[in-house]
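S.K.: Questions regarding the structure given below will be posed in turn.
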Amino acid sequence: MARLFGTDGVRGKANELLTPELAMALSQAAAMVLGHEQIHDGRRPVAVVAKDPRISGDFISAAIEAGLAASGVDVHDAGTLPTPAAAYLVADMGADFGVMISASHNAAPDNGIKFLARGGKKLDDALEDAIEAAMDKPKYRPVGADVGRISRFADAEDRYVMHLLQTLPNRLDGMKIVLDCAHGAASGCSPEVFNAAGAQVVVIGAEPDGININDGYGSTHLERLQAAVVDNGADLGIAHDGDADRCLAVDHEGNIVDGDQIMAIMATDMKERGVLKDNTLVATVMSNLGLKIAMREAGISFKETGVGDRYVLEGMREGGYNLGGEQSGHVIFADHATTGDGVLTGLHIAARVKATGKSLKELAAAMTVLPQVLINVRGVDKEAAPSNQMLIAAIVAAEAELGSNGRVLLRPSGTEPVVRVMVEATSHDMAHSLATSLAAVVSRELAL
């Protein structure tokens, strides 16, 4: 059978793949692996549960909390909060583990279950495999006083907001900022914290109704934010996704500032303040070549990892680094968070603009973005990609044509039958031509 856990927890269509029965089975297994097996003093494990506002989160969280309590775990229900808030609260209150119910940037019919280990950290593959294996083992079913309690985590949002404010190097007084909350988990806390930091805030996409999450708003749909920034004469705009673990930005002219540019800005800022550990930034192989060049020119080392924020986190932990992220806007400030945090990132972008007196456009110009074309080739045998000789030859030819002024990256998707073909070059035409040619080879050679 295929592995249940994907690159970011268990995700799928709610009430099809992600049923209440599956949610309860997962929570009962997690109660053992992340709870009872880690505790040796006889106490009940403690878990924090949070969700984004999509409608299916109600029945999934009910099933998860029932499974945890029935397995002797005390549950603190934090309600609707961003993923990074759940991670922070697990660490802050010393809980044994956490559960976040979200499908991130996906549409409302999807949902997901993500577990967080003690300290608010993402699980490694071994722990995920252990949970999956425990689903087929006998369940722990205490009785009487040993069953778990479920309680409302009343001050969860306040604790998270106070934490965010304490990370700021300077206030945001006098700034006008547009926030696009994707009708998602940050719809309450993001406007609250930016207001508290002193900014004048214009808010869009902050009226969740359970089915409008990520629908035309947020970090995957930036058009409304771009227009709102220009129309309101704002200094900048910040876009979250559904669970607010990522952040993209828009400058005062409506230009998009992506995750690579944000990392360039933040790395330079932290280096200047003397807080960038070993003067090193950690990012994935998908980051634009322009980021590497900008870091080299700034005297900042660049460590490259596989695709996915979990691999960025692993690279950061291995080297003790404190800044990393992805082009998609997952930026990890390890001094303040255990995962990507879109609200935290947005605050620090704004703080840098305020502190320097420069516009976001000026700050982003420190990195020249090389044209990058990404084509997703669907319906192919992604497992055969690394060994197909015709495809290997086509990649070698493309790399020879690019020389040192570009690169080719071909990557099988971790969650669907898709091969991603990415080409960077000095011109968009060259990148598009080579990416299209390689995608045709993938489609032909790996057809199912």
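S.K.: Looking only at segment 31-52, count every residue that is among the basic types (Lys, Arg), part of a loop (DSSP other than H, G, I, E, B) and under 28 Å from the mean Cα position of the chain (by Cα) and tell me the total.
M.R.: Within segment 31-52, residues that are among the basic types (Lys, Arg), part of a loop (DSSP other than H, G, I, E, B) and under 28 Å from the mean Cα position of the chain (by Cα) number 0.
S.K.: Another question, then. Which residue pairs have Cβ atoms under 9 Å apart, sit 6 or more places apart or on different chains, and have a first residue in segment 69-82 that is in contact (Cβ under 8 Å) with a residue 40 or more places away in the chain and a second that is of a type in the set (Ser, Thr, Tyr) and open to solvent by 30 Å² or more (accessible area, probe 1.4 Å)?
M.R.: Within 9 Å, the pairs are 70/140; 71/140; 72/140; 74/151; 75/151; 76/151; 77/151.
S.K.: Residue 159 - would you say it is basic (Lys, Arg), over 16 Å from residue 82 (Cα atoms), open to solvent by 20 Å² or more (accessible area, probe 1.4 Å) and at pLDDT 95 or above?
M.R.: The answer is no for residue 159.
S.K.: Do any residues in segment 263-285 that are in a helix (DSSP H, G or I) have Cβ atoms under 8 Å from those of residues that are open to solvent by less than 60 Å² (accessible area, probe 1.4 Å) and of a type in the set (D, E, K, R), where the two are at least six apart or on different chains, and which pairs are they?
M.R.: Qualifying pairs under 8 Å: 265/352; 266/352; 269/352.
S.K.: Further question: Kindly indicate whether residue 55 is in a loop (DSSP other than H, G, I, E, B) and either touching a helix residue (DSSP H, G or I) at 6+ places or on another chain (Cβ under 6 Å) or among the aliphatic types (A, V, I, L, M) (or both).
M.R.: So residue 55 fits the description; yes.
S.K.: Then there's this: Does residue 103 satisfy the condition of being buried (at least 19 other Cβ atoms within 10 Å of the Cβ) and part of a loop (DSSP other than H, G, I, E, B)?
M.R.: Yes.
S.K.: Moving on. Would you call residue 285 open to solvent by 10 Å² or more (accessible area, probe 1.4 Å), among the aliphatic types (A, V, I, L, M), modelled with pLDDT under 95 and at negative phi?
M.R.: Judged against the criteria, residue 285 is a match.
S.K.: May I ask you to say which residue of 186, 154 is aliphatic (A, V, I, L, M), open to solvent by 70 Å² or more (accessible area, probe 1.4 Å) and either closer than 30 Å to residue 108 by Cβ or outside any loop (DSSP other than H, G, I, E, B) (or both)?
M.R.: Sole residue among the options that is aliphatic (A, V, I, L, M), open to solvent by 70 Å² or more (accessible area, probe 1.4 Å) and either closer than 30 Å to residue 108 by Cβ or outside any loop (DSSP other than H, G, I, E, B) (or both): 154.
S.K.: Another question about this same structure. Given the options 427, 404, 437, name the one that is modelled with pLDDT of 95 or more and either under 18 Å from residue 292 (Cβ atoms) or open to solvent by 40 Å² or more (accessible area, probe 1.4 Å) (or both).
M.R.: Just a single option satisfies the conditions, and that option is 437.
S.K.: If you go through segment 324-379 one residue at a time, how many are closer than 29 Å to residue 430 by Cβ, in contact with a Pro (Cβ under 9 Å, 6 or more places away or on another chain) and either small (Gly, Ala, Ser) or crowded, with 20+ Cβ neighbours inside 10 Å (or both)?
M.R.: Here the count works out to 1.
S.K.: Tell me, which helices (runs of 4 or more DSSP H) lie completely within segment 296-375 with 2 or more residues that are within 27 Å of residue 89 (Cβ to Cβ) and touching a Cys at 6+ places or on another chain (Cβ under 7 Å)?
M.R.: 342-356
The values are calculated or read from the model by the stated rules, or taken from the named source; none is laboratory data. Quantities reported herein were computed from a predicted structural model and do not represent experimental measurements. Please note: Cβ atoms are built from the backbone with ideal geometry, for glycine as well, and neighbour counts cover all protein chains shown. We work out accessible area using only protein heavy atoms, side chains counted, and drop any ligands, DNA or RNA first. Shrake-Rupley method; radii C 1.70, N 1.55, O 1.52, S 1.80 Å.
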